[in-house]
Structure formats: structure tokens, C-alpha cells
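K.L.:
Input: one structure, supplied below.
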Amino acid sequence: MFRKILIANRGEIACRVIATARRLGIATVAVYSEADAGARHTRLADEAWPIGPAPARESYLSIPKIIDVARRSGAEAIHPGYGFLSENATFAEACAEAGIVFIGPPPAAIRAMGSKAESKALMERSGVPLVPGYHGEAQDPALLADAAARIGFPVLIKASAGGGGKGMRVVDTPDDFAAALEGARREALASFGDDRVLIEKYLTRPRHIEIQVFADGHGNTVSLFERDCSIQRRHQKVLEEAPAPGMDPARRQVMGEAAVAAARAVGYVGAGTVEFIAEGDAFYFMEMNTRLQVEHPVTEMVTGLDLVEWQFRVAAGEPLPLPPERLAIRGHAIEARVYAEDPGRDFLPSTGRLTHLRQPRETPGEVRVDTGVRQGDAITPHYDPMIAKLIVWGADRPAALRRLAAALAEYEVVGVETNLGLLRAIAAHPAFGAAELDTGFIARHGAQLLPDAQPSSPDESVVLSAAALAAVREQDAAIQAAARASGDPWSPWAAVDAWRMNGDGYQDLHFRRGDGTTVALRTHPLPDGGFRVDLPAGPVTARLDDDADGLLLTMDGVSRRLSVTRRGDAIAVIIAGRNHALTQVDPLAPPRVEAAGGDRVTAPIPARVTRILVAPGDSVPKNAPLLVIEAMKMELTLRAPMEGTIARVLHAVGEMVEEGTELVTFAAAAD
Ligand code: ADP
């Protein structure tokens, strides 16, 4: 076994790999970009080495820099995690040349599976079933359009070198084909430096079922069973589970054998995943990922194995730790990916600092949180916006689902938008409970899953009382601190529980709700340390206590766990994982001039301008596409907020723009 390894990755997967290494007594070397200085993975590792600027190209994707750190730190092996260099055959070869073990498959296997098109051709020859489609070398647009017509619409265009849903377009009619092809190619070129595509029949209600395989260097290849990853948005996984609901042993065996055949066909060694798309009883090969998957923990939870340990052992030349007859599934596991993104705005990534972060309590074998961030860390535009993975286990699917719902209610994030509301809504949805899974689930049930459609907040009185008492408490703390600083402990300012400047000690507080309305309330201290709070709905008695588990609000005798966070005037009261935002306002302050809105088009996140579709003087209808920006390797089209005439286009193609930067202005309406 290795004595020291380097992890060529960041975030939760780097932390995940370090955890197993530590358990096995293997020393760890982390690498980090300038954006990740002090990040969680750098603190968990025994050593952390800088590898350059924030853009991945100049750091996490730099083969020479990473090999250099491995050499200088004396690491014997490199674990690539997922993403970045994990499926880069050149990197695997560079490791070998430097005498360092690449913890992954042989370069030839990576190459063979690296192109979706070539791997399909190979699988076809090995007798693995494929979705009807075109995966040839010729890429002439007219020829591709012909192929699409032959396959029959709807079709799916995929980047041959693809991954992460980039360069993928569903096309419903022949008329849309040319534009979709152009978009897919542009995205593919930007993401993978390769604009070749393939075309497939688009299945309308498929399930995504994948098989975890493992092979050693001694000729053993096994299936570690399936995962169902059908709950997706933008063709990307959001919830994954194992086993796949409804999978019977016969089918599991057939799919497992197909996956093992696929792995054997390329001389596979290590952890890999063979992805299938399934409709009815049929299943078709989609691709093989030649690395550890994001969702590997659900397999670990139901098999009781540590797949990273298996990777280390196999890479060190050992045989697979267990023979197939010792492998079995126990219970049910579900993973939810917690993303910094806004489901209400088409899952737009959300960047910013995690000003408050409280994760569900972990219990071994039942609730697991894999994360790369801590409170105070930032989600930057440079990398994937995943905050964490929450993985739960139960004796059966309903038990796992209950645990999922309970853990999601413990999740507290302030500072970025998250998909927690969406995850909670899915976990609570009867169709999910009934395991009616297919890749269209989120789109089909969208209206019921988005934040606006979710059951309204708890009693507003609870939210207001918590906000008011937290504000009073903070003010008292500030006064006490001031009294201590003044050196006069007898100052009346230091008496926080009885004397108040306002006669009986009442205080008036004003809050603005999310919808812009304001509410006034008054707090009166009571002798027992509690308060009477005059709320719009009438007076209540309330108190706020702190204990090891956090805050406890007791209102008219009923106590509830909650959290309150504050940044400037912005207050978030978090109840059962749900944020209720309020702004404390000073009624005496001059009214704020609202920023001119409506006629401005601004960048919703830090991004690069990739295309400009209008010029000054153009008149455009409302919702006309104006320009395309790219952020987090995703294209985003910005549309006209109103009908009008373009006055100025303020940035050129290729420019980086910050969040909130004005991009296009409209001429003032002539009136
Ligand atoms: P990527 O590697 O970019 O993630 P995949 O080929 O793995 O792309 O496909 C991602 C997802 O897209 C699948 O999980 C599935 O939901 C959907 N998908 C892929 N191929 C098809 C198809 N032929 N018909 C319908 N949906 C598909």
C-alpha cells in the first residue's frame, strides 16, 4: 500500500479521498488554486501546495504543475477525484512517465471510453445494446440533419467528448435542428476543445440506471450493482439512489453482465460506471465513466464498502478485496446534491459567501454529509456550485426517504440561493414516494416543486418574534460591550434586563418582508427574561434561549428550534431548513431611492460574454434574445425585459463581467 498520495482535486471529493487515506494511515498531499487558499480540503490534508490561479486551466487542469508537486512532495500515487483530470489519458500517461501511480484505469481504457461516439462503436461490436442513433466520424451539418431525420424527431445532440450535460440539445423538429447543432458545437468547443457531436433518438420518459463496476489487475471484474439517477435537472443528476426501485434480480444480473462486458472490452482496471438509459424493459448503453462517480456513496451505503479504499488497493496491485459471492445489497440509500443555484431562475448558479451554514448531524451508516465547504467559505464562479452531498440510508426505501426529509429539514444555508427547497419538495412528493422515476420528473412536476408552490411559511408570528428577539438581544449585547469598554460597570446602559431608556423598557422594531410590505412591532421585557411581543396578530409571550444545539424560541409556551442570522439589516429566520428573509428598517431614515429597474439588462452572475445578438438602434420585442454569456461552463441567454430600442451594448465578446454589470441599455421611450 502507498505511504503518501496526492489528490489532484478540490472540494468535497478531495475531502472524501483524504478521509479514507487517513483511516488507512496514508499521508495526503492536497493542491489548491488561489481561489481555494485555506479551503477545507487544504486543512484536512497533511500538506497543501499552491498550484496557481483560480481558473482550472491554470491550476487543477495543469498536468506539469501537478506532476511537479507530486514529485517534490514525494507522493507515490495520485487520486484524480472526478472531473478535472480524472478522465484525461494524457495525464494518466504523464503520471506513469514520472513513476507515479495514477489511481484509475489504464490510459488506453480512458481513451477508448473517452469519446461517446467511439465508445458506442466499440460497444456495438461487443454486443452491448445502444440507443438508435448516429455516432459516425463525418460531421457535415447537412449529413447530421439527414441522420436526425432518419432517426426520427425528437433527437438529442450530444457532444462526443461530452460530460456534465454540456453541449447537449434536445431537438423536437427539423426546423430547430440547425440552430441547436450550432449551439451544441459552440458549447462543446468551449468546454472540451472538440466540437464533434453524435445524435441519438431522444427517449421521452426514460430512467437513468447505471452499474458500478470494479476490476483489478488480476483479471477480476465485478458489478457492485446499480444506482438509479433519474431525478435530473438540465440532464444532470440531483438525487440518486441504490438499489433502483423495481429492479428484479434477473434484470440486475443481465445489466450487471452487460456492464462487466463493457469494462472487459476495454481492459478496465479500477472503479468505473457504465451508464444505461432504460425505458420499459429495454436498456441501452449511454457511456462509461472511467472514474469514481459523484454518487458513489449510495453504493457504499448499501454494500458497506469503501470504494476509495478499493481504488487504493487495486492501484497498489492487490486483487479485489471481496469475491462476487460476498457482495450484497442491504437496505436502501438516497443521495441529494445540495447546489448553490436558483431553481426559480432555471437553476442559475448562485455565487457568494456562505454566511451561515449548518449541516445535518451525521450518524454513522445512516446520515452522511460529504462537503468541501465550511461556514464563511465562498462559492465562486470558477468551479462547480455544489455545496455538499447528503446521503441517507434506511432499512427500506420509505425509511431512507423519511431520513432524507428529516435531514433536509436540518440543512441551513444563508448567503447563496440553494436548491434545498426543491430537494425538500421532491422528498415530500407523492410521485417520488411511489418511485415514479424518470428523467422528466422535475420538469413534469415543476410547478409543484418550485419555491412559490410550496406550502406557505409557518405562522408569521413565529418568524417575527424570532427576528425581534434576536434584534433586541443583539442590541443588548452591543450595549453591554459598550459599557464594558467605557469602564463603568455601573452605567445604566449595562443593565440589560430591567431598565430601558423607554419607560417600561419597550422597544419598537420595524421589518420589511420579502414582498416589500413593512410590519411594526413592540417588545416589552418581562421579569423572567422573556418578552411580551405585540405582533400584528396580537400579543404573545416569547423568549429566545441558546443551548448546545442552537436557538430555541418559546412562544406562548410552545418551543421550536430555529436559527436566526443577520448581516447588516438583512435577517434570515431559518425554520426546518427554510429561510424566511426580513430586513430591519429604521422608519426615521430617509426613503431609499429604488434602483432604476426594468430597462436594464445586467449579468446575473459573474460571466464571460460569448455572443452579442443585437446592435444599437435595433428595435426588439419583449423577451428577444440580446446576448449570450457563459458562466460555470454553462450558456445563458439574456432576453429583453421589455419591447424597445437598444441604445448601447456595453461589453464586447470575450469580456469578463461581474455580477450586476450592466450589459445593454434601452433608449428612453420617446414621450
Ligand atoms: P453527460 O455525460 O453530458 O452527463 P450523458 O450521456 O451521461 O451526458 O446523458 C446525461 C443525461 O441525459 C442522461 O442521464 C439522461 O437523462 C439524458 N439522456 C441521455 N441520452 C438520452 C436519450 N437518448 N434520450 C433521452 N434522454 C437522454
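The values are calculated or read from the model by the stated rules, or taken from the named source; none is laboratory data. Treat the numbers as computed from the prediction; the structure is a model and nothing was measured. Because the Cβ atoms are built from the backbone with ideal geometry, glycine has one as well, and the counts that use them run over all protein chains shown. Ligands, DNA and RNA are excluded from the accessible area calculation, which covers all protein heavy atoms including side chains. Shrake-Rupley method; radii C 1.70, N 1.55, O 1.52, S 1.80 Å.
K.L.:
For residue 52, what charge total do you get from the other residues with a beta carbon under 14 Å from its beta carbon, if Lys and Arg give +1 and Asp and Glu give -1? Mind dumping the intermediate values first?
P.N.:
Numbers: positive: 10, 57, 65; negative: 34, 36, 58, 68.
Overall, the nearby charge balance is -1.
K.L.:
Based on Cβ point charges of +1 for Lys and Arg and -1 for Asp and Glu, what charge dipole magnitude is obtained for the range 460-584 about its Cα centre, in debye rounded to the nearest 20? Show your work: numbers first, answer last.
P.N.:
Details: 13 positive and 16 negative charges, 68 e Å.
So the dipole magnitude of the range 460-584 works out to roughly 320 debye.
K.L.:
Put +1 on the Cβ of each Lys and Arg and -1 on the Cβ of each Asp and Glu in the range 600-669; which of 656, 620, 606 then has its Cα farthest toward the positive end of the dipole?
P.N.:
After comparing all options, I get 620.
K.L.:
Please report how far the C-alpha centroid of the range 179-205 lies from that of the range 90-125, rounded to the nearest whole angstrom.
P.N.:
22
K.L.:
Same structure, new question: Over all directions, the average projected area of the alpha-carbon convex hull for the chain comes to how many nm²?
P.N.:
Details: hull surface 139.1 nm².
Its average projected convex-hull area is 34.8 nm².
K.L.:
How large is ³J(HN,Hα) for each residue in the range 240-255, as worked out from phi by the Karplus curve 6.51 cos²θ - 1.76 cosθ + 1.60 (θ = phi - 60°), to whole Hz, x for Gly and Pro?
P.N.:
My calculation for the range 240-255 gives 9, 8, 9, x, 6, x, x, 6, 9, x, 5, 5, 4, 5, 5, 5 Hz in order.
K.L.:
Given charges of +1 on the Cβ of Lys and Arg and -1 on the Cβ of Asp and Glu, with all other atoms neutral, how large is the dipole of the chain about its Cα centre, in debye to the nearest 20? Please report the intermediate quantities before stating the final value.
P.N.:
Working: 71 positive and 87 negative charges, 170 e Å.
So the dipole magnitude of the chain works out to roughly 820 debye.
K.L.:
Continuing with this model, one more query. When only C-alpha pairs under 8 Å and at least 6 residues apart count, what is the relative contact order of the range 600-669, in percent?
P.N.:
Numbers: 170 pairs, mean separation 30.0, N = 70.
Relative contact order for the range 600-669 comes out at 43 percent.
K.L.:
Name the GluC sites (Glu not before Pro) in the range 613-671 that are in a loop by DSSP and that have at most 15 other C-beta atoms within 10 Å, would you?
P.N.:
On the way: sites: 630, 635, 643, 655, 658, 659, 662; in loops: 643, 655, 658, 659.
Filter output for the range 613-671: 643, 655, 658, 659.
K.L.:
Looking at 85, 129, 149, which one has the Cα that reaches farthest to the positive end of the dipole of the range 56-187 (charges on Cβ: Lys, Arg +1; Asp, Glu -1)?
P.N.:
Comparing the listed Cα positions along the dipole, 85 ranks first.
K.L.:
Here is a follow-up. Taking H as built 1.01 Å from N, whose amide H comes closer than 5 Å to the amide H of residue 287, not counting residues under 5 places away?
P.N.:
Residues meeting the amide H criterion: 275.
K.L.:
Just report the Cα centroid separation between the range 258-317 and the range 34-59, whole Å.
P.N.:
Each part reduced to its Cα centre gives a spacing of 28 Å.
K.L.:
Search the structure for amide H atoms under 5 Å from the amide H of residue 32, placed 1.01 Å from N in the peptide plane, and list their residues when 5 or more places away or on another chain.
P.N.:
Amide H neighbours of residue 32, under 5 Å, 5+ apart: 49, 51.
K.L.:
Give me the dipole magnitude in Debye, nearest 20, for the range 132-201 about the Cα centre, with unit charges on the beta carbon: positive for Lys and Arg, negative for Asp and Glu. Could the numbers behind the result be given before it?
P.N.:
Values: 8 positive and 11 negative charges, 44 e Å.
Magnitude of the dipole: close to 200 debye.
K.L.:
Which whole-number percent gives the relative contact order of the chain, counting Cα pairs below 8 Å spaced six or more residues apart? The partial results should precede the final answer.
P.N.:
Details: 1422 pairs, mean separation 58.8, N = 671.
Rounded, it is 9 percent for the chain.
K.L.:
Mind checking which of 197, 214, 224 is farthest towards the positive end of the range 171-238's charge dipole, using Cβ charges of +1 (Lys, Arg) and -1 (Asp, Glu) about the Cα centre?
P.N.:
About the Cα centre, the residue reaching furthest to the positive side is 224.
K.L.:
Restricting the count to DSSP beta bridges whose residues both fall in the chain, what percent are antiparallel, rounded to a multiple of 5?
P.N.:
Values: 120 of 134 bridges.
Close to 90 percent.
K.L.:
Quick one, can you get me the convex hull of the C-alpha atoms of the range 197-260 expressed as volume per residue in Å³?
P.N.:
Details: hull volume 8.8 nm³, N = 64.
About 137 Å³ per residue, rounded to a whole number.
K.L.:
Loop only per DSSP, at most 11 neighbouring Cβ atoms within 10 Å: give me the GluC sites (Glu not before Pro) in the range 113-168, ordered by residue number. Working shown, then result.
P.N.:
Working: sites: 118, 124, 137; in loops: 137.
Listed in order of number, the matching sites are 137.
K.L.:
With a 1.4 Å probe and all protein chains in place, put 257, 47 in order of accessible area, largest first.
P.N.:
Details: 257 105, 47 55 Å².
I get 257, 47, largest accessible area first.
K.L.:
Considering only Cα-Cα distances, which of the following residue pairs are longer than 25 Å: 158/237; 116/201; 4/65; 201/237; 120/166; 65/237? The partial results should precede the final answer.
P.N.:
Numbers: 158/237 17 Å; 116/201 15 Å; 4/65 18 Å; 201/237 20 Å; 120/166 18 Å; 65/237 31 Å.
From 158/237; 116/201; 4/65; 201/237; 120/166; 65/237, over 25 Å: 65/237.
K.L.:
Can you tell me the accessible area per residue over the chain, all protein chains present, probe 1.4 angstrom, in square angstrom? Each step should come with its number before you reach the end.
P.N.:
Details: 28870 Å² over 671 residues.
That works out to 43 Å² for each residue.
K.L.:
Going by accessible area, probe 1.4 Å, with all protein chains left in place, what is the ranking of 545, 228, 306, largest first?
P.N.:
545, 306, 228
K.L.:
Taking H as built 1.01 Å from N, whose amide H comes closer than 5 Å to the amide H of residue 639, not counting residues under 5 places away?
P.N.:
626
K.L.:
Tell me what the chain gives for mean residue ellipticity at 222 nm when only DSSP H runs of n ≥ 4 count, each as -39,500 (n - 2.57), the sum divided by the residue total, rounded to 500 deg cm²/dmol.
P.N.:
-8500 deg cm²/dmol
K.L.:
The chain: longest stretch without exposed trypsin sites (Lys or Arg not before Pro) (DSSP loop, at most 13 other Cβ within 10 Å), sites themselves excluded?
P.N.:
Details: sites that count: 3, 330, 361, 374, 592, 622.
With a cap of 13 other Cβ atoms within 10 Å, the longest stretch comes to 4-329.
K.L.:
Then there's this: Tell me, what % of the accessible area of the chain is carbon and sulfur with a 1.4 angstrom probe? Walk me through the numbers before you get to the answer.
P.N.:
Details: 15050 of 28870 Å².
After summing per-atom areas, the C and S share lands at 52 percent.
K.L.:
In percent, how large is the relative contact order of the range 207-453, given Cα pairs closer than 8 Å and 6 or more residues apart? Don't skip to the end; give the middle numbers.
P.N.:
Numbers: 504 pairs, mean separation 49.3, N = 247.
20 percent.
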